[in-house]
Each structure stands twice: as C-alpha cells, then as structure tokens.
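Below is one structure; the comments refer to it alone.
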Amino acid sequence: MAKQHDTILPRRKRSARLTLALMGAGAASILSGCGNPDSTLDAPELSNVNFTEPEAYRSVEECVKDNVYTRNACEAAYNAAQESTPRFASVEECETEYGEGNCNVTNGTDTDNSASNSGGGSWVGPALMGYMVGNMMANRNRDGARVRSVYHEPIYRTRENRGQWGAATSQTRQEVTRRNTAISNNVAKANTRATQRSGFGSRSSARGGFGS
Amino acid sequence: MLRVAISERPHWQALAHDLGFHFHTLEGERYWVEDAYYQFTLEQVERDIEDPTEAIHELCMDAVDRICASDALLRKIAIPEFMWDTIRQSWSSGQPHVYGRIDLAYDGKNPAKFLEYNADTPTSVYEAGVFSWVWLEQCINQGTLPRHADQFNSIQERLIAAFSHIKQGLPEGRLHFASIKDHLEDRATVEYLQDCAVQAGLEAPFVFMEDIGYPPGADHPRFVDLEHRPIDAIFKLYPWEEMADDPFGEFVPSMDTLWFEPPWKAILSNKAILPLLWEWHEGHPNLLPAYFDPSPEKSVTKGWVRKPFFSREGSNISLVTPDGAAESVGGAYADSPRILQQYHPMPRFNDRHALIGSWVVGDRACGMGIREDSGRITKDTSCFVPHAII
C-alpha cells in the first residue's frame, strides 16, 4: 500500500535531525542531516560530523531531477523563495538596486498559489539565483512546540476500551502525589534506616543482562 | 533486499566514542559492522516492514485486551496471580508504553514473518536510532551512498514524542530510569532513553535496579532511589517476569510507583502470545503456526522451533530445520514453559542469517535495525549492520 507522503516535505523515511542531550563527549550535540542547524540553538555542533548542505536549485525541474525531494516539496520551496524576494514597481527601480540585467518580470498566475501572491498578477523582482528546499526544515523552535515535522501525527491510537492517559490520569495522580509527598516526606525521614534494598535484580548475574 | 559492501568511514570508532556508543566492540568481537549495509527499496520497507509491523502491533494490543479479560488466559500464559490486578489496571487506565521491537524474518520478497515481540526490554534502539542515522548521513556526505539514499528511521523523534505524552501524566515531571549493575549495553540503552526523556522536558534520574529501596510501613508508599527520593514513575530495562520473582516483586501491586514499560507489557514479551495469536488469526500472512508445547521434555520435531515463554537474547531456544539440522542455545530460562513455532528460514547473506528488528514507538512503526548471526538463532553476540533505502 502506498503511503500518503507529506505533500510539502521531502519524501523521506528518516528524521531531519538528531540531538543528543546527555550522551557522549559532545553532549548537547546537534546532528543535522538536512539544512543548517537552527541558528537559535546555541549548543555546539560536533566538530567532526559534517552533513550534507542543503542544495541550492535554480528551478523546480532541477530540484525534481536531483531525486531528493518530491515535486511538491520542490514547488513549495520555489514558491516560498519567490514570495520572499523584494518587489519593485518597475524593472528600472529593481535594477537600480540589483544591477542591470539581474531583474525580471514574474507572472504570478502561473504558480499554484497565485492567490496568495500580492496582487496575484505580475511583479518585478531580482532574478532568483537559487533556492533551498532544506531551509523549509528550519522552521523549528527550541522547545519543539511548532516543529514542522514529517511525522506530526499523534503516535498513540485511541482505544475505546481503555482510559485516557493525560488529563484525567494526571489529576488523580496529582492528588495521589500530593498525599504521598506529605506522607513520604515523613516516612522517608523516619524510615531511612529501615529502607531495604537489593530486592530487585539480585539474580541478575546468572542471566547476564536483560536487554533483548 | 541486498547486502552491499561499502567502505567503512575512517575513524568511526572515535566518532562512536564521542557519541557515547561504547559497546560497538564486545569482548574483542565487532558488534557494530559497517563494511556492508542492507539495501532496501522504499516499497519493501513500506509494504513489507512498516505496514505489517503496525498490523502485528495491533493484533498484539488486541491480544492484551483479550488476555486481560480472562483469568484462564492469564493463568495459561503463566503470569503470577498476584500481578493480575496490576496488569489489568495498567491496561484499563490507558497507561501508555514507550517502545518495542518486533523481530521479523524477511527475505525481500515474501511476507515478513513475526518471530517475537520484544515488548518489555528491547535493546539496540540506540544503534538503530542514532548511530545508523549518523552513518547514513556521513556516507551520503562522503559520497559512498547517493544523495537520495534514505533510511527507515524516525525512532528518536518518536521516542521524544512518547516521553512528551507520558510527561502529561506525571505531575512531578520526573521519570526515573533503571537497569541492572555491571551490564554496559543495558546501561547505555537506558542512558539513551534518558537522553530522549530529557529532550522531552522530563527530569530523568538514574538508579540501578539493585539500589531501588523499599521503605516499609507507609500507607501509600513508593519505592525510593539512593537519595531516599520517592520514585513516582520509573522506566526499567528489566523484565516483568523477573520483577515478579524478585523479593520486592510482591510489593509492586501495593505501591504507588508507576512502572514503564507498563505491567501489561508482561503479556506481550511472553512468547505464549504466539500460539494465541495463531489460534485467533490462523492463516494471517505475517504469522507462523504456533502451539503450546504439550511435551517439552521430548526432542523437537523437524521443522519446528521450541521457545520458552520467557527468555532473552535467544536463550534456551532449540530448533530443528526441515532437513534435520539441529541448533540450540543454552541459558538460564530452562524453568519456563515452552511454545512451538514453525521453523521459518531467515535469509542468508555471506553465510550470515539476517534478522530484522522493526521498531514500534507508541503505536507507530518507525524504524528498523538488522542483526546478523552465523547461526540460525540471533543472540546477544550477533552483529548490528546498518541499512539504507535506495
């Protein structure tokens, strides 16, 4: 069965980036496989790991031909790049800023999202020298709240015959926790000496690890 | 599905060290192997691995529901009676699980066959989730793999999402992590899961299983860590059946400490689900015929594999191929009841048998790892080999 791939993001089965917060010599390392690491993240990059830079494409066709991104991803990135270029009232005005021969007239009606372009018709702007699909991956903030990800759907299914973890559970547990904190603060102090240990894992040497 | 030779990255051992992957070589033998990789097509991954994995996971979740509802079934799969309420409560309250690994025999053409679900204490998640990912990116960068090469791997992204979800049910925002002492691989796996939990915004302190304290006498007690801090919730890389047998096992049902993987995972990591799944879904393309072993003292019949209900890393498994070749691995699980599963050959590449470990995080299939072994039974000494979708 063919999957419904995200229409905007590249056709890929792997995450765009990885971060390690605790492990290894380079704890807080950001490994990025697509696009530059988000500049708002100030954790140091692993110096000895270099990944593919996002490719600059001059046209949608060139992007598609590269066989890394879907056509949708290529077109969306192209349109986004077009939209972000400055607009001028005339070729002359544009050339004053960008130099002779570096501006062109773009017909806004030949792109799918022409409705969202200002005016919807033609405009004058600097010629797009290249655009990056990878930049689209950088729309992430530090706490991940608005991360635009290939995998943005919830990872747990709702099951009719089971309760809902989360809000309801949290409330009950909050009560339990409050009660317990009060109790155990006293108990823990009183029973520090009585606390028993080695009650789990005592036979583990016979089995040599439990991972499977 | 091909096994393709590729040059190793220069200095990958130093990189492994920098990334906290210290068990790439075990007792002088290579565990991480990168002079070859397994090549898949996108169709093979999606049609033959990803979709069947989610389908098998759903059959398993349905099995948990059925087994929880039946005293007879809980007894049949040898779950001690004092754990029943805890298991049922964890299931009916919707306590989420973190992850699991479904082991599949797949040859690139025929439907993948479900061998077992490592649902309680799976390892090799770091190798599959992190080190393989870095390998692929670097191979692309170094030009040994084409730019369009990809990998079935959003494991870490999903793990962080799972821990974020679990965090919603933990008002203190703290999840302890535990594994047993003197076991590097288990400790490293837990360290990696702690890493993901921290990235999900949890506080993630570590305590060895042996150091977990039981404070007697409180009305609503929780186990405590070495600093006498109460453990509200804890992820343990330690099997439920061992916990149930341990001296503190009997305290688990009366304590308020919340355990991950949740108690209901004791049902799925139990190989007794294999004959039950076959009984309920006989003929399913991804299932192998399986039965409860009526006479475990007799030798195994040709074409069958005998597995204990509870075992780890291939221990106490014995098999006889249809041509009569016998193979078995000893171990410490001889006391467990057994099941019989039809022998299904794993594909061989360079005289090595390849087993696919398909990762499930939450309810989603999200990645895979391939382990190779010279024998037909994959053990803890098998090698881990990366994969690429090309």
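The values are calculated or read from the model by the stated rules, or taken from the named source; none is laboratory data. Remember, predicted model here, so these are calculated numbers, not experimental data. Ideal geometry is used to build each Cβ from the backbone, glycine not excepted, and the neighbour counts take in all protein chains shown. Only protein heavy atoms, including side chains, enter the accessible area calculation; ligands, DNA and RNA are left aside. Shrake-Rupley method; radii C 1.70, N 1.55, O 1.52, S 1.80 Å.
Among the residues of the stretch B:254-283 satisfying the criterion of being charged (D, E, K, R) and part of a loop (DSSP other than H, G, I, E, B), which is most open to solvent (accessible area, probe 1.4 Å)? Even if it seems obvious, please write down each step before you answer.
Filtering the stretch B:254-283 down to residues charged (D, E, K, R) leaves B:256, B:261, B:265, B:271, B:279, B:282.
Next cut, part of a loop (DSSP other than H, G, I, E, B) only: B:256, B:261, B:271, B:282.
On the way: B:256: 38, B:261: 0, B:271: 10, B:282: 133 Å².
Going through the qualifying residues, I end up with B:282.
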- Please verify whether the stretch B:88-99 includes one or more residues that are outside any loop (DSSP other than H, G, I, E, B), surrounded by 22 or more Cβ atoms within 10 Å (Cβ to Cβ) and among the charged types (D, E, K, R). no
- Task: Provide a single number: the residues in the stretch B:355-390 that are within 12 Å of chain A (Cβ to nearest Cβ), charged (D, E, K, R) and surrounded by fewer than 22 Cβ atoms within 10 Å (Cβ to Cβ).
- Result: 3
- Subset of the stretch B:137-154 (residues that are over 13 Å from residue B:15 (Cβ atoms), at the interface with chain A (Cβ under 7 Å from one of its Cβ atoms) and surrounded by fewer than 24 Cβ atoms within 10 Å (Cβ to Cβ)): B:140, B:147, B:148, B:150
- Take the stretch B:339-373 and flag every residue that is at positive phi, more than 14 Å from the chain's Cα centre (by Cα) and touching a residue at least 24 places away in the same chain (Cβ under 8 Å). B:350
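Within the stretch B:165-180, does at least one residue satisfy the condition of being part of a helix (DSSP H, G or I) and over 29 Å from residue B:222 (Cβ atoms)? Walk me through how you get there before you give the answer.
Taking the stretch B:165-180 as the starting set, the residues that turn out to be part of a helix (DSSP H, G or I) are B:165-167.
With the extra rule that they be over 29 Å from residue B:222 (Cβ atoms), the set shrinks to none.
No, every residue in the stretch B:165-180 fails to be part of a helix (DSSP H, G or I) and over 29 Å from residue B:222 (Cβ atoms).
Take residue B:331 and decide whether it is at pLDDT below 95 and among the small types (Gly, Ala, Ser).
Details: at pLDDT below 95: yes; among the small types (Gly, Ala, Ser): yes.
Yes; evaluated as a whole, the condition is true for this residue.
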- Message: Please count how many residues of the stretch B:294-338 are in a loop (DSSP other than H, G, I, E, B), open to solvent by 20 Å² or more (accessible area, probe 1.4 Å) and away from chain A (no Cβ under 14 Å).
- Response: 14
- In the stretch B:339-387, what residues are of a type in the set (S, T, N, Q) and assigned to a loop (DSSP other than H, G, I, E, B)? B:350, B:374, B:378, B:381, B:382
- Looking at the stretch B:204-244, which of the residues that are open to solvent by 10 Å² or more (accessible area, probe 1.4 Å) and in contact (Cβ under 8 Å) with a residue 60 or more places away in the chain is nearest to the other protein chains (Cβ to nearest Cβ)? B:232
- Query: When residue B:133 is evaluated against the numbered criteria (1) in a helix (DSSP H, G or I); (2) modelled with pLDDT of 95 or more; (3) open to solvent by less than 10 Å² (accessible area, probe 1.4 Å), which criterion, by number, is the only one it fails?
  - Reply: (2)
- Item | Close pairs from the stretch B:178-191: first over 17 Å from residue B:17 (Cβ atoms), partner acidic (Asp, Glu), Cβ under 6 Å, at least 6 apart | B:179/B:186; B:181/B:210
- Item | Condition broken by residue B:251, with the remaining ones in (1) open to solvent by 10 Å² or more (accessible area, probe 1.4 Å); (2) in a loop (DSSP other than H, G, I, E, B); (3) not β-branched (Val, Ile, Thr) satisfied | (2)
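Pick from B:160, B:166: which is within 9 Å of another protein chain (Cβ to nearest Cβ), of a type in the set (A, V, I, L, M) and open to solvent by 10 Å² or more (accessible area, probe 1.4 Å)?
Working: B:166 fails: open to solvent by 10 Å² or more (accessible area, probe 1.4 Å).
It is B:160.
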